[in-house]
Amino acid sequence: VAVPVRAVREVTADSRVITFGLPEGVSLSLPVSSCILMKATGAGKDGADVIKPYNPISPNTVKGSFDLLIKIYPGGGASQFAGKLEPGDMVPFKQMKPNVKPFRYPFVGVQKITMLAGGTGIAPMIQALYPILETAGETTQVRLIYSNKSPDDIMLKPELDYLASKHADRFQVIYVVGESDDDDRAVANEGWAGETGWIDEEKVGRLAFPPAEGTRVWVCGVDDMYVALAGSRLKPLAAGSALHNLGFTEDMVWRS
């Protein structure tokens, strides 16, 4: 189904929030967590179409539109296509069964969630934060550990800070900045007072909810992040990975 671009908002130097239109009164009403597939028409090699999954970052309560967070990568077919979109352009989307995760809100039996996100890995997290935090009667506790290259690269920070302030009794966000595991340049260069480097075993052990029944760790980021924290994105939790070393088991770990 093709829908129109309604608005484009710059978030960082290389990321945008793009608002797409829906019929009046209509919501995407997606399962949480799930993504949709965008067709970047003619954006591939020799003019081929490119299909790219994105998690909408607007809640299901929004009607008449939905938002995607898209980072513009050099040489990225779909992201370069998205970076050139303007209001009025039409873009096709669809959703398939594999786009819906087996873990879905409401997360029955889960009392505590630690979200480990890197860059645009924040998208499935904020998609889930809205129902977790804003559904009446919810008690789930959430800690978000969110990594980016620098303070200026933190995406959706105003939205996350607002949720953390509004729901301070249940939601905490911890920002991590750095381009390597020991990169602390932001401290001297930008007066950064938060965590530096990468999300690693030490930080997870210190900042996350400890492993327990009813506790989950949710990971979304680049491939190296999955490898370091869980062994891989798709295979069972690997011995020697950070989460395994900390005592988490496969049933406690979600991956987007």
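Just the accessible area per residue of the chain, please: how many Å² with a 1.4 Å probe?
For the chain, the solvent-accessible area averages 49 Å² per residue.
So what is the orientation-averaged projected area of the stretch 23-137, using the convex hull of its C-alpha atoms, in nm²?
Taking the Cα atoms of the stretch 23-137, their convex hull projects to 8.7 nm² on average.
Which value, in debye to the nearest 20, describes the size of the charge dipole of the stretch 121-233 about its Cα centre when Lys and Arg Cβ atoms bear +1, Asp and Glu Cβ atoms bear -1, and nothing else is charged? Can you show the working numbers first?
Values: 10 positive and 20 negative charges, 92 e Å.
Dipole magnitude for the stretch 121-233 comes out near 440 debye.
If one computes the Cα centroid of the stretch 187-224 and of the stretch 91-125, what distance in Å separates the two points?
Going from one Cα centre to the other spans 18 Å.
Whole number please: convex hull volume per residue of the Cα set in the stretch 55-107, in Å³?
Values: hull volume 6.7 nm³, N = 53.
With only Cα atoms used, the stretch 55-107 gives 127 Å³ per residue.
Work out, step by step, the length gained on full extension between residue 181 and residue 246: first 0.36 nm times the residue separation, then minus their alpha carbon distance; give nm to one decimal.
Full extension from residue 181 to residue 246 adds 21.6 nm.
Estimate the FRET efficiency between residue 134 and residue 239 by the formula 1/(1 + (r/R0)^6), using the beta-carbon distance for r and 51 Å for R0, to the nearest 0.05. List each step's numbers first, then the result.
On the way: r = 38 Å, r/R0 = 0.75.
FRET efficiency, residue 134 to residue 239: 0.85.
Taking θ as phi - 60°, what are the ³J(HN,Hα) couplings along the stretch 225-233 by the Karplus curve (6.51, -1.76, 1.60), each to the nearest whole Hz, with x for Gly and Pro?
My calculation for the stretch 225-233 gives 5, 4, 4, 5, 8, 10, x, 5, 7 Hz in order.
Give the Kirkwood hydrodynamic radius (Å, one decimal) of the stretch 127-231, defined as one over the mean of 1/r across all pairs of different Cα atoms. Present the calculation step by step, with values, prior to reporting the outcome.
Working: mean 1/r = 0.0669 Å⁻¹.
For the stretch 127-231, the Kirkwood estimate is 14.9 Å.
To the nearest 10 degrees, how steep is helix 122-134 against the longest Cα principal axis of the chain, on a 0 to 90 scale?
80
Taking the convex hull of the Cα atoms, report for the chain its projected area averaged over all directions, in nm².
14.3
Counting only C-alpha contacts under 8 Å and six or more residues apart, can you give the relative contact order of the chain as a whole percent?
16 percent.
Give, in nm to one decimal, the length gained when the segment between residue 227 and residue 6 is fully stretched (0.36 nm per residue of separation minus the Cα-Cα distance).
Stretched out fully, the residue 227 to residue 6 stretch lengthens by 75.8 nm.
For the chain, set up a Gaussian network in which alpha carbons nearer than 10 Å are linked by springs, and say which option among 94, 84, 112 fluctuates the most.
Answer for the Gaussian network model of the chain: 84.
When the Kirkwood radius is taken over all Cα pairs of the stretch 77-143, what Stokes-Einstein diffusion coefficient follows at 4 °C and 1.567 mPa s, in µm²/s?
Taking Rh from Cα pairs, D becomes 87 µm²/s.
Please give me the summed charge of the neighbours of residue 69: other residues whose Cβ is under 11 Å from its Cβ, Lys and Arg +1, Asp and Glu -1.
Counting the neighbours of residue 69, the net charge comes to +1.
Cβ under 11 Å from residue 34's Cβ, residue 34 left aside: what net charge do those residues give with Lys, Arg +1 and Asp, Glu -1?
Neighbour charge sum, excluding residue 34 itself: +3.
Quick one: longest stretch of the chain between exposed loop GluC sites (Glu not before Pro), exposed meaning at most 16 other C-beta atoms within 10 Å and loop per DSSP?
Longest site-free region, per DSSP loop and neighbour criteria: 25-137.
Within a Cβ distance under 12 Å of residue 93, other residues only, what is the Lys/Arg minus Asp/Glu net charge?
Charge balance in the 12 Å sphere: +3.
Once you charge only the Cβ atoms, +1 for Lys and Arg and -1 for Asp and Glu, what is the size of the charge dipole of the chain about its Cα centre, to the nearest 20 debye?
So the magnitude is around 960 debye.
Among 172, 58, 31, pick out the residue whose Cα is farthest towards the positive end of the charge dipole of the chain, where Lys and Arg carry +1 and Asp and Glu carry -1 on C-beta, about the Cα centre.
31
The values are calculated or read from the model by the stated rules, or taken from the named source; none is laboratory data. Source: prediction; values computed, not measured. So basically every Cβ, Gly included, is an ideal-geometry build from the backbone, and we count neighbours across all protein chains shown. SASA here: full protein model, heavy atoms, side chains in, ligands and nucleic acids out. Shrake-Rupley method; radii C 1.70, N 1.55, O 1.52, S 1.80 Å.
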